[in-house]
1. Run down Glu226, Glu149 and say which single residue is within 29 Å of Ala246 (Cα to Cα) and either modelled with pLDDT under 95 or surrounded by fewer than 19 Cβ atoms within 10 Å (Cβ to Cβ) (or both).
2. Out of the stretch 173-188, which residues are closer than 11 Å to Tyr205 by Cα and aliphatic (A, V, I, L, M)?
3. How many residues are small (Gly, Ala, Ser) and touching a residue at least 12 places away in the same chain (Cβ under 8 Å) when one looks only at the stretch 40-66?
4. Being among the aliphatic types (A, V, I, L, M) and farther than 12 Å from Asn206 by Cα is the filter here, so list the residues in the stretch 162-172 that pass it.
5. Quick one: in the stretch 37-58, which of the residues that are closer than 17 Å to Arg16 by Cβ and not hydrophobic (A, V, I, L, M, F, W, C) is surrounded by the fewest Cβ atoms within 10 Å (Cβ to Cβ)?
6. Read through the list (1) surrounded by 14 or more Cβ atoms within 10 Å (Cβ to Cβ); (2) over 22 Å from the mean Cα position of the chain (by Cα); (3) small (Gly, Ala, Ser), then give the number of the only condition that Ser76 fails.
7. Any idea which residue in the stretch 275-311 is nearest to Leu243 (Cα to Cα), counting only those that are among the small types (Gly, Ala, Ser) and touching a Cys at 6+ places or on another chain (Cβ under 9 Å)?
Amino acid sequence: MVAGYCGAGQLDAARRLVAAMPVDPDAYTYNTLIRGLCGRGRTSNALAVLDDMLCRGCVPDVVTYTILLEATCKRSGYKQAMNLLDEMRAKGCAPDIVTYNVVVNGICQEGRVDDAIQFLKNLPSYGCEPNTVSYNIVLKGLFTAERWEDAEELMAEMAQKGCPPNVVTFNMLISFLCRRGLVEPAMEVLEQIPKYGCTPNALSYNPLLHAFCKQKQMDKAMEFVELMVSRGCYPDIVSYNTLLTALCRNGEVDVAMDLLHQLKDKGCAPVLISYNTVIDGLTKAGKTKEALELLNEMIGKGLQPDIITYSTIASGLCRER
């Protein structure tokens with residue numbers, strides 16, 4: 001019942017239920033309530049539940065503290081979370097790598113990547129070895145800060161410590177290289193992924209697809225989509241929206257219309273942004289009548305237009321006056 005109340009957002013009812021239980025709730029029950037409170041941003045209430053938990057003789061476990069640490073990082077910053085981490089250890093609850101990864105992520109979220117690197121180096125002294133997720137969190141921070149040399153050094157450290165990269169590692173690297181316009185090196189990384197026992201996914205291909213579209217290499221972009229499919233990786237809605245945007249900007253609005261109408265058959269139903277993109281392309285091409293027809297088609301399929309849809313149509317009508 002506690003999970004039911006939390007799932008329905010009735011957190012105060014869940015708290016009353018736990019407080020009124022004739023037998024002491026276990027850690028699982030408390031964790032459900034704490035997770036629900038933290039998920040709604042009510043970290044102070046969650047910490048009060050922790051106090052109640054301790055008062056009733058229920059020992060918090062690593063899951064309890066990990067939930068609270070993640071919420072504390074988001075609400076109060078990682079330094080406050082470090083105090084909670086110290087309290088966790090003092091109460092005899094040993095953090096695991098998931099717990100430490102939450103803290104590493106909190107540090108990186110504040111842009112303190114150097115502190116995160118130092119924390120990573122200290123993990124063995126805490127009795128815990130960093131894993132691929134740990135490194136990926138810090139790599140993301142380094143890539144965001146455009147610190148390529150430091151990222152390269154950290155990836156070398158991963159290899160030295162026998163911590164293999166996964167598809168997330170490669171996807172971040174591909175995205176970073178594409179942002180810098182280094183498409184050929186990004187392609188080389190894509191080709192290396194299977195050699196590490198990983199399977200590329202849509203997130204591996206999409207940055208490259210975006211790069212080809214940005215360079216107005218539409219033939220290459222279309223071929224790249226075919227390559228994805230031939231390798232068993234089906235484009236997602238982000239892939240197709242990227243193509244639709246590029247086609248419309250390139251003046252190929254009829255091709256974009258055809259692609260939009262093929263999406264369902266390709267197993268990827270168009271979303272509002274898909275329609276808005278093509279409607280925008282049609283109005284800019286002076287095809288407001290077709291744009292209005294597409295608007296009606298969109299509504300007929302249960303998609304509600306937004307302010308962007310109506311503004312685009314209005315601009316098209318004004319241009320034709």
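The values are calculated or read from the model by the stated rules, or taken from the named source; none is laboratory data. All figures in this text were calculated on a predicted structure; none of them were measured in a lab. Note that each Cβ is placed from the backbone with ideal geometry, even for glycine, and that neighbours are counted across all protein chains shown.
1. On the way: Glu149 fails: within 29 Å of Ala246 (Cα to Cα).
Among Glu226, Glu149, only Glu226 is within 29 Å of Ala246 (Cα to Cα) and either modelled with pLDDT under 95 or surrounded by fewer than 19 Cβ atoms within 10 Å (Cβ to Cβ) (or both).
2. Ile174, Ala186, Met187 - these are the residues of the stretch 173-188 that are closer than 11 Å to Tyr205 by Cα and aliphatic (A, V, I, L, M).
3. Residues flagged as small (Gly, Ala, Ser) and touching a residue at least 12 places away in the same chain (Cβ under 8 Å) within the stretch 40-66 amount to 3.
4. First, pick out the residues of the stretch 162-172 that are among the aliphatic types (A, V, I, L, M): 167-168, 172.
Hits for the stretch 162-172 are Val167, Val168.
5. Among them, the one singled out is Asp51.
6. All conditions are met except number (2).
7. Gly281
Results for (1) closer than 21 Å to Asn166 by Cβ; (2) in contact with a Lys or Arg (Cβ under 9 Å, 6 or more places away or on another chain), shown as yes or no for each residue.
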site	(1), (2)
Leu69	no, no
Gln80	no, no
Leu85	no, no
Ala90	no, no
Val98	yes, no
Gly106	no, yes
Ile117	yes, no
